2 protein chains.
Amino acid sequence: MAHDFDPGPVSEPFASLAQNYPGADVYPANSFRVEWGPIFHRGRLDGSARLLVIGQDPAESESIARRILVGEAGHRTQGLIAKLGFNHSYLMINTFLYSVYGQTGGTTHENDPGIVGYRNQWLDAIFAANQIEAVVALGQLASDSWQTWSQTANGKKHSPPFAHVTHPTQPESASGGNSTKLRQLIEAMLANWNQALAQLHPQISNPDTPGPLVPYGSTFKQAERVEIPEFDVPAGLPEWMRSPNNWADRVGKSAAAMRRNITITVPSGVV
Amino acid sequence: MAHDFDPGPVSEPFASLAQNYPGADVYPANSFRVEWGPIFHRGRLDGSARLLVIGQDPAESESIARRILVGEAGHRTQGLIAKLGFNHSYLMINTFLYSVYGQTGGTTHENDPGIVGYRNQWLDAIFAANQIEAVVALGQLASDSWQTWSQTANGKKHSPPFAHVTHPTQPESASGGNSTKLRQLIEAMLANWNQALAQLHPQISNPDTPGPLVPYGSTFKQAERVEIPEFDVPAGLPEWMRSPNNWADRVGKSAAAMRRNITITVPSGVV
């Protein structure tokens, strides 16, 4: 059976963008894990994207798979866009090229000109090359990214349907290990997502999989966390790196040690 | 400064080869670490390769960088091919797509038809698309791979200068932690490499960097372990993944735990 894979940013204008990314002079190392390199995207860079998703920043598993939104947030996002009818014709970029370090790194630097300028080059290129029918922003910083670009000369030329939704792992971040609170926050998030879906779904003209909108209930069903497609990742990447199982962690006895570490564990049952 | 990167196997015939790789039905999981996925190559897949290097199998760092020969063996190999005048126009493939597990996994399966057949497809494609001026095999299994292909119908059409050299980390494998023995084995390996260089160097018509052959001494000079070029790895990969520093290990309290683990540690001084 053929294993499709994602060629990555090999064609212009994305090849040049991937060659000319900002480094630690633009993304300060005290606020971003620049040492793990930039992670640019997931999805179609061949002009066939019709849905744009803006995420926040890459986590551990993204640093290994070299594609964004492949971890828990990615699986939930994959389910969200499936409800809009997309299983192929999407493109995802992040607010930040590098993983945010510390509580305030993202908000402190969200308006830094070098960060905004490079991200806006991607948005310019995406809208020049694709017929984008809708934009979904995951969380406040992603929404701010979109609003910032919308006010540029190029941004003013485009006004696709847009929804700012609760970030897919906000419930985990905000519940601090309290399972009751986690359940409440997931329920609230899914209600928020249902609102966005109700707004966007009627405005999608060319979904990959047409059909009626099936809203979320109060919890995630198993089928609503969708495996990352093989055609979204580099050639030869093992299947478990696309699975909903956690396989990458930052391990260490100090903050400094954790920052230097990513520990990969093949999920049980694979070997 | 632009960061060149390697697009990988995005064009034919290599795209189809990367889509149609053999799995655990061909590479038995008791002899190969199939769970980490196949790693195909390093170097040029655009028809510009003039030197072919055949290695053995991917190690830890290769499983992360998704290119072969990026660790210690890779840095030594990069220095070896530099002495032949190559810093860009080369292509490296391995005898095995997956990391060998156990002492005898490689020799047991080296003649398995599925393993040989797929590797021969790569060799067919490489020789059809490139003007290969010389072939270097790293170690016995790599040499056997070459001899096996040479006896096929396609292989018989090509007879480039060929050298079988001692595998670049054979001294470490064979010295068992004995530093005197290690020094002796490195000296012997470099003498072996000098013989191969003396044979091949006069036969290279179109090196990237023409010049007289500078043989090895009895130890590696620092400049003889050459950093993996940025244009050999995927977009955005951090620089330290191409450095001569070790950054990936298999960690665990049992063989089973080690098999499931790769622990990445950013080298000191980077963060």
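Here are a few things to note about the model shown:
- Here A:PRO202 clears all of (1) under 21 Å from the mean Cα position of the chain (by Cα); (2) over 30 Å from B:VAL251 (Cβ atoms); (3) outside any loop (DSSP other than H, G, I, E, B) except the condition numbered (1).
- Residues of region B:220-253 that turn out to be assigned to a loop (DSSP other than H, G, I, E, B), touching a strand residue (DSSP E or B) at 6+ places or on another chain (Cβ under 9 Å) and farther than 22 Å from B:LEU185 by Cβ, as a count: 6
- Considering residues of region A:253-267 that are facing chain B (nearest Cβ under 9 Å) and loosely packed, with under 15 Cβ neighbours inside 10 Å only, the residue farthest from B:TYR21 (Cα to Cα): A:ALA256
- As a summary of the residue check, B:GLU187 satisfies the conditions (1) more than 30 Å from A:VAL271 (Cβ to Cβ); (2) within 14 Å of chain A (Cβ to nearest Cβ); (3) acidic (Asp, Glu) except for the one numbered (2).
- B:ILE64 being over 30 Å from A:THR263 (Cα atoms), in contact (Cβ under 8 Å) with a residue 60 or more places away in the chain, buried (at least 20 other Cβ atoms within 10 Å of the Cβ) and of a type in the set (Val, Ile, Thr): no
- Summed over region B:221-248, residues that are more than 10 Å from chain A (Cβ to nearest Cβ), out of contact with any Lys or Arg (no Cβ under 7 Å at 6 or more places or on another chain) and either among the β-branched types (Val, Ile, Thr) or within 20 Å of B:GLU172 (Cα to Cα) (or both) total 8.
- Residues in region B:2-14 that are more than 7 Å from every other protein chain (Cβ to nearest Cβ) and touching a Pro at 6+ places or on another chain (Cβ under 7 Å): B:ASP6 only.
- The residue of region B:180-205 that is surrounded by the most Cβ atoms within 10 Å (Cβ to Cβ), among those that are within 20 Å of B:LYS221 (Cβ to Cβ) and in contact with a Gly (Cβ under 8 Å, 6 or more places away or on another chain), is B:LEU190.
- Residues of region A:104-125 satisfying the condition of being more than 15 Å from the chain's Cα centre (by Cα) and hydrophobic (A, V, I, L, M, F, W, C): A:ILE115, A:VAL116, A:ALA125
- A:VAL270 vs. criteria among the aliphatic types (A, V, I, L, M) and facing chain B (nearest Cβ under 9 Å): yes
- Search result, residues across region B:227-267 that are under 21 Å from B:GLY8 (Cα atoms) and hydrophobic (A, V, I, L, M, F, W, C): B:ILE228, B:PHE231, B:VAL233, B:ALA235, B:LEU237, B:TRP240, B:MET241
- Residues of region A:15-61 that are more than 9 Å from chain B (Cβ to nearest Cβ) and touching a Leu at 6+ places or on another chain (Cβ under 6 Å): A:ARG42, A:GLY43, A:ARG44, A:ALA49, A:LEU52, A:GLY55, A:GLN56.
- Only helices (runs of 4 or more DSSP H) whose full extent lies in region A:1-103 are considered here, and the ones with at least 3 residues that are modelled with pLDDT of 95 or more and under 10 Å from the mean Cα position of the chain (by Cα) are A:72-83.
- Test result for A:GLY177, modelled with pLDDT under 95 and surrounded by fewer than 19 Cβ atoms within 10 Å (Cβ to Cβ): yes
- Given (1) surrounded by fewer than 19 Cβ atoms within 10 Å (Cβ to Cβ); (2) aliphatic (A, V, I, L, M); (3) over 30 Å from A:HIS3 (Cα atoms), index of the condition A:LEU141 fails: (1)
The values are calculated or read from the model by the stated rules, or taken from the named source; none is laboratory data. Just so it is clear, the structure is predicted and the values come from calculations on it, not from any experiment. Reconstructed Cβ throughout: ideal geometry from the backbone, glycine too, with neighbour counts over all protein chains shown.
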